[in-house]
Amino acid sequence: MIRGRFRKHFVTLFFFALALTVSAQEKVLTPELILSIRWIVDVQLSPDGRQIAFQVMRARREDEGPGAALAEIWVMPTSGGEPRRFTYNDKSDRAPQWSPDGRWIAFLSQRWASPHTQIYLLPADGGEARPLTRAENSVLMFRWSPDGRRIAYTVTDPKTKEEQQAEREGRDWIVADRNYKHARLYVVDVQTGETHLVTRSDLTVHDFDWSPDGREFILAAAETPLVDDSFMRVKLMRVSAEGGEPRLFVRTEGKLTHPRWSPDGRWIAWLGATSMDDPYAGSIFVVPSGGGAPENLLAGYEGTAIWLGWLPGAPSTIVFTSIERQANAMYTIALPERRRERLVNQPIIYASAPSFSRDGRQMAIAANTPEHPNEIFFGPVGNRPLARLTTFNPQLADVRLGEQEIVRWKSTDGWEIEGVVVKPVGYQPGRRYPLVVQPHGGPESADLNGWLGSYSRWGQMLAGRGFVVFYPNYRGSIGRGVAFAKADHRDLMGREFEDMLSGIDHLVRIGMVDGERVGIGGGSYGGYTSAWAATFASHRFKAAVVWMGITNWYSMTGTSDIFWENSTVHWNAIMYENFDLYWQRSPIAHIAKAQTPVLLIHGAADQRVPIGQSQELYTALKWKGVPVEFVTYPREGHGVSERAHQLDFMTRVIGWFEKYLKAPSR
């Protein structure tokens, strides 16, 4: 029986609980809504600046069977008006590119009788698509020649007739580091379909660009198709467009990508690392096209370049996008003066490369904000805001979202660290909420203050369930210059983990979260962080989701497809010479401390972080008597791509944190 002064408090609590029940009827971001989102991921502005062709990714409907998301191509006028679907196919159409004269749109598709992805051409004003290539394997990427008469593309070597016969007879086996299948460069004539091989030697071409006169290519190529070599041993090479032996252009060190030839033919620029142990190709290098010593145009820049091109209509002007802390930026660099100027000054997060009109006066890009996923933005080139043209996901209009803000705190050694916090829907200052930390992967990555509602970024999904979600950009992240990105080397889960713990302490100190209800979850390197938290620092965490995470550096090092990238870049130490270091930074080494309930999730076909990493931790936690579940998704690699798997994945994440952090149901 409730008596006296306690009756008043009971009534107050009753109506508070009733208010929570009412608020539970509010529309929040659910796994089903996330799967309904259509993602604009590639935007191409027509040469005259009047139309935009763009690629949209959408999850399969249940009646379309299992599989990964499908890609569609849409077009719309830049003057406004409704977007319209441009191609129709029961499979995917992707990577639209306008011809230089604007009369055609080329794209990649698998359709009709071909079992492989080919290049198709479609008149810009509509009609029937026709296949341009008949490659014996799927086309990987392509580029129009400057005059629009040819298209260059890459294709991986197909199996030989002898290999196919051996496979049918069961005499097929694989010998390591033998019989590589290279991605080779070809050129096809748009009118006649005549095709010839450009790279005749054994090289895997990862990226390329035409010279302005159409006579040569600049290549980013490696001697093998191994993933490790695609990261660490790519070379800049030149080759005649007629075909021949590629030759080394300039010597580089470390990662590189995006080789681009200036429209006036004077310069070649690329994104590259500053040294072999620089974790990201985030600096801009340039050299005269006749050769010379590469020059780093971003020396001392406290950001990270992520895309590079040349501004049309300005023959020697580089344009690039970058990450600066929790935001994106876009700049031009005029050569030879090396003058850098801001191009767009707007709080949007880029979801595609920018695309420019032929005269360089207009641009389009896909971008998002904390309030909406990717949409198309368009406008004049200059330091001014772009106009949003689309509302591609009207089903989200009445969804209540959690407020996002950037937080800063001091780590244990005085370094200032930053991150993004997503507050619960209906957040009330003074009330302490359960916290989920979602550390990013990489670690050469960063979480930006944009849309945080996808199958892999749970911020808004969990905010709708009453959680604070925290994205710390710990040392080792990109977006703060090369030195910051290298600051965790040879110290994995050392200072970088202290950065995260200090961030949690900060959120507790300001009264936002309940320090007794803290969970953690992430994928890849974020999964490694979560496994470390659930073992080494188990007393701090009440629940963990370890998604494709590293748990034992001994077994990971010898079985992953990136031995050299891990060893040379992150560890700065070879495991076979530093066993103690690798073992002490393995979560499995600290299993005696483990008491945190763990949800393990892994793709059965993961080559980056093999599934044995989860199997080892699962066995150890079962032996220890710690609550653990282990979910494997067939066919999935380093990620989750199929609709049914994504839905199950998100549902399990929500359930795990609600079970062990006991958040109020919203």
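Which condition does T529 not pass, out of (1) among the hydroxyl-bearing types (S, T, Y); (2) within 30 Å of R38 (Cβ to Cβ); (3) in contact with a helix residue (DSSP H, G or I) (Cβ under 8 Å, 6 or more places away or on another chain), if it passes all the others? Of the numbered conditions (1) among the hydroxyl-bearing types (S, T, Y); (2) within 30 Å of R38 (Cβ to Cβ); (3) in contact with a helix residue (DSSP H, G or I) (Cβ under 8 Å, 6 or more places away or on another chain), the odd one out for T529 is (2). The criterion of at least 1 residues that are in contact (Cβ under 8 Å) with a residue 24 or more places away in the chain, farther than 22 Å from G476 by Cβ and of a type in the set (V, I, T) is met, among strands (runs of 3 or more DSSP E) falling completely within region 219-321, by 235-240, 247-250, 267-272, 283-288.
Being touching a residue at least 40 places away in the same chain (Cβ under 8 Å), outside any loop (DSSP other than H, G, I, E, B), among the β-branched types (V, I, T) and within 24 Å of Q646 (Cβ to Cβ), is that true of even one residue in region 393-403? Scanning region 393-403, I find no residue that is touching a residue at least 40 places away in the same chain (Cβ under 8 Å), outside any loop (DSSP other than H, G, I, E, B), among the β-branched types (V, I, T) and within 24 Å of Q646 (Cβ to Cβ), so the answer is no.
Kindly establish whether A353 is surrounded by fewer than 23 Cβ atoms within 10 Å (Cβ to Cβ), small (G, A, S), modelled with pLDDT under 95 and farther than 30 Å from W409 by Cβ. Considered against the rule, which asks whether it is surrounded by fewer than 23 Cβ atoms within 10 Å (Cβ to Cβ), small (G, A, S), modelled with pLDDT under 95 and farther than 30 Å from W409 by Cβ, A353 comes out as no. Annotation note: Cβ proximity below 6 Å between a residue of region 323-349 that is more than 18 Å from V482 (Cβ to Cβ) and charged (D, E, K, R) and a residue that is assigned to a strand (DSSP E or B) and at pLDDT 95 or above (sequence gap 6+ or interchain) occurs for E341/T332; R342/Y331. When each of S145, S211, S201 is tested for being at pLDDT below 95, surrounded by 13 or more Cβ atoms within 10 Å (Cβ to Cβ) and not charged (D, E, K, R), the lone residue that passes is S201.
Would you please name the residue that is farthest from M237 (Cα to Cα), looking only at residues in region 183-202 that are without any contact (Cβ under 8 Å) to a residue 40 or more places away in the chain and assigned to a loop (DSSP other than H, G, I, E, B)? That would be T192.
One residue is enough: does region 131-150 have a residue meeting the conditions without any contact (Cβ under 8 Å) to a residue 24 or more places away in the chain and in a strand (DSSP E or B)? Looking through region 131-150, at least one residue is without any contact (Cβ under 8 Å) to a residue 24 or more places away in the chain and in a strand (DSSP E or B). With respect to the stated conditions, Y525 is in contact with a Pro (Cβ under 6 Å, 6 or more places away or on another chain), farther than 17 Å from V422 by Cβ and not polar (S, T, N, Q). Report, by residue number, each residue of region 613-666 that is surrounded by fewer than 16 Cβ atoms within 10 Å (Cβ to Cβ) and of a type in the set (F, W, Y). Correct list: W623 only. Evaluate region 453-460: report whether one residue or more is under 23 Å from G272 (Cα atoms), modelled with pLDDT of 95 or more, in a loop (DSSP other than H, G, I, E, B) and of a type in the set (G, A, S). No, the conditions are met nowhere in region 453-460. Of all the residues in region 498-517, those that are of a type outside the set (G, A, S) and touching a helix residue (DSSP H, G or I) at 6+ places or on another chain (Cβ under 6 Å) number 2. Just one of the numbered conditions (1) outside any loop (DSSP other than H, G, I, E, B); (2) under 16 Å from W409 (Cβ atoms); (3) touching a helix residue (DSSP H, G or I) at 6+ places or on another chain (Cβ under 6 Å) is not true of P439: (1).
The values are calculated or read from the model by the stated rules, or taken from the named source; none is laboratory data. Please read these numbers as outputs of a predicted model, since none were measured by experiment. Virtual Cβ from ideal backbone geometry, glycine too; neighbours counted across all protein chains shown.
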